[in-house]
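Engineer: Provided herewith is a single structure, encoded as C-alpha cells, for subsequent inquiry.
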Amino acid sequence: MPTLSCNDFVDRVTGDSSGVFVVSEGEYWRIEVIIADELRLLTDGASATGRVFSSLGDASDFLHALGVLTFSVIPGSTPGSAIDYDNWVLETIQDALLEADDPATEWVSNEDVETAAKDLIGGGDA
C-alpha cells in the first residue's frame, strides 16, 4: 500500500475532500486516507512503515491534534478492537455530555448555523 508522511497527510487532508479512516488491525489501529482515489497509509515519519496506535483513543487524539476532527472508524472483527471501539464511543459521548452540562459552554443557535451555512454556500442576503 502506498504511504503518506505526516506533513503530506496534513497538507492533503486540509486541502482536499479526502476520506480519513482509523482502521483496526487486531491489536493496533492505523490511519488511512483516500487521496485522488488512492488509499494511502500514514507513516511514522522515520520510515516507510505505517504508524500504529495502541488504541482508537490514541489515534483519535493524534488526528484531533492535527486538526482533523472528522474521520470514519472501521473496527476489526476481533473482540479487542470491538471493546476498544465501544469504550471510545462511550468516552466521546461522556465528554460531549460533560461539555453540554458545563455552564461555561457557549451554544450556537440554529438560526446562526442556518445563516452561516447560507453565507458559506453563497445563498445569504449579503
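Each reported figure results from applying straightforward, stated rules to the coordinates on display, with no laboratory input. Just so it is clear, the structure is predicted and the values come from calculations on it, not from any experiment. With ideal geometry, Cβ positions are generated from the backbone for all residues, glycine too; neighbour counts draw on all protein chains shown.
Engineer: Points 7 angstrom from Cα along the Cβ direction at N110 and D61: gap in nanometres?
Structural biologist: 3.7
Engineer: Still on this structure, please answer the following. Suppose R0 equals 41 Å; then what is the FRET efficiency for D102 and D37 from their Cβ-Cβ distance, rounded to the nearest 0.05?
Structural biologist: Details: r = 42 Å, r/R0 = 1.03.
So, using R0 = 41 Å, E works out to roughly 0.45.
Engineer: Also, quick follow-up: Taking Cα atoms of segment 21-126, Rg/Rh with Kirkwood Rh, to two decimals? Before the final figure, lay out the partial values.
Structural biologist: On the way: Rg = 18.0 Å, Rh = 16.5 Å.
Rg/Rh: 1.09.
Engineer: Another question, then. Shape of segment 69-126 from its Cα gyration tensor (a ≥ b ≥ c, root eigenvalues): rounded if a/c is under 1.5, otherwise prolate when a/b > b/c, or oblate? List each step's numbers first, then the result.
Structural biologist: Working: a/c = 6.21, a/b = 1.83, b/c = 3.39.
Cα axes put segment 69-126 in the oblate bin.
Engineer: Please compute the length gained on full extension between A82 and L120, using 0.36 nm multiplied by the number of residues separating them and subtracting their Cα-Cα distance.
Structural biologist: 9.9 nm
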